[in-house]
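Here is the structure we will look at.
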Amino acid sequence: MNCAYSPSQALGLRAATALCAIVLLPLRANNPAPHAATPAHGDSAPSRPTPDHALQKLVDGNARFVAGHAEHPNQSVARRIEVASGQTPFAVVVTCSDSRVSPEIYFDQGLGDLFVVRDAGHTLNDHVIGSIEYAIEHLKASVVIVVGHEKCGAVAAAVAGGRADGRIGTIIEAIRPAVEQTKNQAGDKTDNAIRGNARRVAKALATTGPIIAQAVQSGEVKVFAARYDLASGRVELLP
């Protein structure tokens with residue numbers, strides 16, 4: 001996944017691999033929320049990378065993965081020892097629990113690079129949002145990317161309708177609004193809903209206060225939606 005990088009307008013994949021469009025969320029100046037005391041998890045007080053730089057690292061890593069030239073960075077014994085004393089992930093990846101979609105692999109990153117939050121259909125609840133808030137507020141991650149994926153079973157079930165046993169139904173209900181929003185679009189209904197669900201979750205996160213919304217408004221953090229293709233390995237950033 002290669003992107004032509006333009007922080008003033010949009011960020012896309014490098015022409016050598018693919019092109020995609022991305023619309024950056026509008027940012028306005030604001031004061032960030034006061035920082036609460038960091039929980040005693042051994043985390044230091046890291047400096048925050050710029051969102052554009054953090055996103056470019058994801059873009060470049062995916063390009064390597066798609067091309068079959070993954071470098072597997074930060075996976076050495078030395079790195080393992082280094083991050084034992086604390087973590088400074090530069091990005092938060094919110095994605096599905098599907099066994100075929102591992103962000104550290106398709107973004108070609110290593111130990112301590114990504115703060116990953118996974119549940120089926122990447123739906124939101126207080127624990128998920130709180131985890132993202134922690135990564136932004138205390139670990140200084142500067143990008144949140146919500147990655148839906150091709151042939152997502154949770155989304156397909158929501159599109160098909162009907163009932164599900166146990167608490168699986170709660171996942172489907174959380175995805176139904178994206179199904180409704182995209183049901184009249186031309187093309188494959190499930191893939192439309194997959195894209196719509198990623199966009200909807202990203203939009204909701206960007207306006208969830210106080211911590212995430214404040215960080216987005218101040219320009220410290222940017223939130224993106226994306227779709228992962230199972231066969232090609234490419235992550236497409238969604239407008």
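The values are calculated or read from the model by the stated rules, or taken from the named source; none is laboratory data. In this text, all values refer to a predicted model and were calculated from it rather than measured experimentally. Neighbour counts are summed over all protein chains in view; Cβ atoms, including those assigned to glycine, are modelled from backbone coordinates with ideal geometry.
Please go through segment 55-108 and pick out each residue that is closer than 30 Å to I168 by Cα and in contact with a Phe, Trp or Tyr (Cβ under 6 Å, 6 or more places away or on another chain).
The answer is V92, V101, Y106.
State the number of residues belonging to segment 211-239 that are assigned to a loop (DSSP other than H, G, I, E, B) and at pLDDT 95 or above.
Within segment 211-239, residues that are assigned to a loop (DSSP other than H, G, I, E, B) and at pLDDT 95 or above number 9.
Could you say whether any residue in segment 134-141 is under 30 Å from V83 (Cα atoms), buried (at least 22 other Cβ atoms within 10 Å of the Cβ) and among the aromatic types (F, W, Y)?
No, there is no match, as no residue in segment 134-141 is under 30 Å from V83 (Cα atoms), buried (at least 22 other Cβ atoms within 10 Å of the Cβ) and among the aromatic types (F, W, Y).
Which ones in segment 205-234 are among the hydrophobic types (A, V, I, L, M, F, W, C) and in contact with a helix residue (DSSP H, G or I) (Cβ under 9 Å, 6 or more places away or on another chain)?
From segment 205-234, those among the hydrophobic types (A, V, I, L, M, F, W, C) are 205-206, 211-213, 215-216, 221, 223-226, 230-231; that's our starting set.
L205, A206, I211, I212, A213, A215, V216, V221, V223, F224, A225, A226, listed by residue number.
Search segment 102-125 for residues being β-branched (V, I, T) and under 17 Å from H72 (Cβ atoms), and hand back the single one that is surrounded by the most Cβ atoms within 10 Å (Cβ to Cβ).
Going through the qualifying residues, I end up with V116.
Is it true that V83 is modelled with pLDDT of 95 or more, touching a strand residue (DSSP E or B) at 6+ places or on another chain (Cβ under 9 Å) and of a type in the set (A, V, I, L, M)?
Spelling it out, it is not the case that V83 is modelled with pLDDT of 95 or more, touching a strand residue (DSSP E or B) at 6+ places or on another chain (Cβ under 9 Å) and of a type in the set (A, V, I, L, M).
Do any residues in segment 192-211 that are in contact (Cβ under 8 Å) with a residue 40 or more places away in the chain have Cβ atoms under 8 Å from those of residues that are of a type in the set (K, R), where the two are at least six apart or on different chains, and which pairs are they?
Listed pairs, sorted by first residue: I194/R227; R195/R227; A198/R227.
I'd like the residue in segment 184-197 that is outside any loop (DSSP other than H, G, I, E, B) and not hydrophobic (A, V, I, L, M, F, W, C) and, out of all such residues, is surrounded by the fewest Cβ atoms within 10 Å (Cβ to Cβ).
Among residues in segment 184-197 that are outside any loop (DSSP other than H, G, I, E, B) and not hydrophobic (A, V, I, L, M, F, W, C), the one surrounded by the fewest Cβ atoms within 10 Å (Cβ to Cβ) is K189.
Does S99 satisfy being surrounded by fewer than 20 Cβ atoms within 10 Å (Cβ to Cβ), within 26 Å of F65 (Cα to Cα) and modelled with pLDDT of 95 or more?
Yes; evaluated as a whole, the condition is true for this residue.
Name the single residue that is surrounded by the most Cβ atoms within 10 Å (Cβ to Cβ) among those in segment 198-226 being more than 30 Å from A156 (Cβ to Cβ) and not hydrophobic (A, V, I, L, M, F, W, C).
If we take residues in segment 198-226 being more than 30 Å from A156 (Cβ to Cβ) and not hydrophobic (A, V, I, L, M, F, W, C), then Q217 is surrounded by the most Cβ atoms within 10 Å (Cβ to Cβ).
Do we find a residue being at pLDDT 95 or above, crowded, with 16+ Cβ neighbours inside 10 Å, of a type in the set (S, T, N, Q) and in contact with a helix residue (DSSP H, G or I) (Cβ under 9 Å, 6 or more places away or on another chain) anywhere in segment 48-69?
There is at least one residue in segment 48-69 that is at pLDDT 95 or above, crowded, with 16+ Cβ neighbours inside 10 Å, of a type in the set (S, T, N, Q) and in contact with a helix residue (DSSP H, G or I) (Cβ under 9 Å, 6 or more places away or on another chain).
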